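The values are calculated or read from the model by the stated rules, or taken from the named source; none is laboratory data. It should be emphasised that the depicted structure is a prediction, and the values quoted were computed from it without experimental measurement. No Cβ is skipped: glycine too gets one built from the backbone with ideal geometry, and neighbour counts run over all protein chains shown. Surface areas here come from the heavy atoms of the whole protein model, side chains and all, with no ligands, DNA or RNA. Shrake-Rupley method; radii C 1.70, N 1.55, O 1.52, S 1.80 Å.
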Amino acid sequence: MAPTNLFDRYFAVIHRYIARRLPADDADDLAAEVFLAALRGGYDPAVGEIRPWLYGIATNLVARAPPYRDHAAEGAQPRGGA
């Protein structure tokens, strides 16, 4: 599969997967990193479907992402006060 087809076909689902686990800004960056890693990784079609492979890359990148704090869950005031 050509790199542009790969990106066009799977970017949205990989982004949603990451966005459920990390803040939106981080999801944008990590989703792009998934496809960079895929292009460098040399996917072998004989191994199986490409989608689970992309999810595996995404899972590994999410696991390595620095932890973040959910300030809203900790009772912090939203910007703008009260």
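Of note:
- Among the residues making up region 30-40, those that are open to solvent by 50 Å² or more (accessible area, probe 1.4 Å) and under 13 Å from the mean Cα position of the chain (by Cα) are E33, L36.
- Which listed residue is within 10 Å of the chain's Cα centre (by Cα), at pLDDT 95 or above and either of a type outside the set (S, T, Y) or in a helix (DSSP H, G or I) (or both), from A58, A27: A58
- Taking the listed residues Y68, Y43, the one that is open to solvent by 30 Å² or more (accessible area, probe 1.4 Å), of a type outside the set (V, I, T), over 15 Å from F7 (Cα atoms) and at pLDDT below 85 is Y68, with no other qualifying.
- In region 5-24, the residues that are of a type in the set (G, A, S) and either assigned to a loop (DSSP other than H, G, I, E, B) or exposed (fewer than 12 other Cβ atoms within 10 Å of the Cβ) (or both): A12, A24
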